[in-house]
Amino acid sequence: MRDMQENSDLFRYQGIPLVFEFEMLEVQEPGSFQREAWELTNEEKFAEVAIVKDQGNALFKEARYDAACEKYAFAIGLTEALLASTQWEASAAPDQLTQTDEFNLSLRLNYAAGKIKLLDYEPAIAQCTEVLRKDKANQKALFRRGQAYLRVGRDLELAQKDLDALAALNPSLPDLKAEQKLLQEKQRAAREKEKKMFGDMFNR
């Protein structure tokens with residue numbers, strides 16, 4: 001009764017048809033709808049990882065790096081959920097568990113590559129560091145983290161450490177020499193800047 005009294009003004013609309021207006025925000029192709037992670041079973045998560053990774057790779061090839069990174073990030077989240085699931089650990093086949101780990105590492109590396117293309121180096125460093133925590137000799141992680149450190153500019157020693165470790169593993173790796181040359185140029189410039197700074201200090 002209280003609700004009826006408080007909303008008595010609505011009674012004057014009784015029997016009047018309601019008209020709704022809808023705004024179409026997006027049209028998705030059949031089969032393209034991506035469900036949220038919490039909506040998926042572990043088996044569905046595992047199957048979805050490969051699909052989303054392929055979607056990310058296709059976007060990367062089209063130089064749509066932001067969109068590719070969004071796909072990679074979603075797929076990383078799926079693999080993290082699986083790796084944290086005791087139910088998945090108990091029910092999955094050994095090759096599925098191995099593949100979950102492999103997906104997790106490759107997705108992190110792909111994400112790092114996308115972020116480097118976007119000149120967003122800190123997330124790339126973080127993802128490569130996570131890969132190296134699990135696989136200390138991962139060449140792609142060493143190369144991409146070295147690239148990122150080098151372009152940040154303030155971490156030249158860390159860049160050299162990664163590139164030296166990579167050179168010890170695979171000295172003939174394509175693009176390694178170019179990165180080493182860039183490192184030397186930046187180190188030379190840093191020394192010149194430091195020399196000039198101290199020279200100006202003593203000339204005052």
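Along the stretch 152-160, what does the Karplus equation 6.51 cos²θ - 1.76 cosθ + 1.60 (θ = phi - 60°) give for ³J(HN,Hα), rounded to whole Hz, x for Gly and Pro?
Listing the rounded values in order: 5, x, 8, 10, 5, 5, 5, 4, 4 Hz.
Got a sec to turn the phi values of the stretch 89-95 into Karplus ³J(HN,Hα) couplings, 6.51 cos²θ - 1.76 cosθ + 1.60 with θ = phi - 60°, whole Hz, x for Gly and Pro?
4, 7, 9, 6, 6, x, 5
Per-residue HN-Hα couplings for the stretch 184-193, Karplus 6.51 cos²θ - 1.76 cosθ + 1.60 at θ = phi - 60°, whole Hz, x for Gly and Pro?
4, 5, 5, 5, 4, 5, 5, 5, 4, 5
For the chain, with the dipole built from +1 on Lys and Arg beta-carbon atoms and -1 on Asp and Glu ones, taken about the Cα centre, which of 159, 7, 96 lies farthest toward the positive end?
Toward the positive end, the furthest listed residue is 159.
In the chain, once you exclude exposed chymotrypsin sites (Phe, Trp or Tyr not before Pro) (DSSP loop, at most 13 other Cβ within 10 angstrom), what's the longest stretch remaining? Display every interim value, and only then the final one.
Values: sites that count: 20, 22, 33.
No qualifying site falls inside 34-204, the longest such stretch.
Subtracting the Cα-Cα distance from 0.36 nm times the residue separation, let me have the gained length for residue 161 to residue 129 in nm, one decimal.
Numbers: separation 32, 0.36 × 32 = 11.52 nm, distance 1.31 nm.
Once the chain is fully extended between residue 161 and residue 129, it gains 10.2 nm.
Which FRET efficiency value, to the nearest 0.05, is calculated for residue 190 and residue 118 with the Förster distance at 22 angstrom and r the Cβ-Cβ distance? Provide the component values of the computation, followed by the final result.
Values: r = 25 Å, r/R0 = 1.14.
E between residue 190 and residue 118, to the nearest 0.05, is 0.30.
Return the distance in nm (one decimal) between the two label points of a simple spin-label model at residue 151 and residue 43, each offset 7 Å from Cα along Cα→Cβ.
Using points 7 Å along Cα→Cβ, the separation is 4.2 nm.
With the contact rule set at Cα under 8 Å and sequence spacing of 6 or more, what percent relative contact order holds for the chain? Can you show the working numbers first?
Values: 165 pairs, mean separation 23.4, N = 204.
11 percent.
Given (1) 1.58; (2) 1.10; (3) 1.25 as candidate values of Cα Rg over 2.2 N^0.38 Å, which corresponds to the one derived from the coordinates?
So the calculated entry is the one marked (1).
With charges set only on the Cβ (+1 for Lys and Arg, -1 for Asp and Glu), what does the dipole of the chain come to about its Cα centre, in debye to the nearest 20? Spell out each step's value before the answer.
Values: 29 positive and 35 negative charges, 346 e Å.
Dipole about the Cα centre, nearest 20: 1660 debye.
Using only Cα atoms, locate the centre of the stretch 109-165 and the centre of the stretch 57-104, then give the distance between them in Å, rounded to an integer.
Between the Cα centres of the stretch 109-165 and the stretch 57-104 lies a distance of 20 Å.
Rounded to the nearest 20 debye, what is the charge dipole size of the stretch 123-191 about its Cα centre when +1 sits on each Lys and Arg Cβ and -1 on each Asp and Glu Cβ? Display every interim value, and only then the final one.
Numbers: 14 positive and 9 negative charges, 20 e Å.
For this selection, approximately 100 debye.
Taking the Cα centre of the stretch 39-118 as origin and charging only Cβ (+1 Lys, Arg; -1 Asp, Glu), how large is the dipole, in debye to the nearest 20? Before the final figure, lay out each step's value.
Values: 8 positive and 13 negative charges, 101 e Å.
That gives the stretch 39-118 a dipole magnitude of about 480 debye.
Where a number appears in this text, it was derived from the coordinates with a stated rule and is not lab data. Since the structure is predicted, the reported quantities are computational estimates derived from the model, not experimental observations. Backbone-built Cβ (ideal geometry, glycine too); neighbour counts: all protein chains shown.
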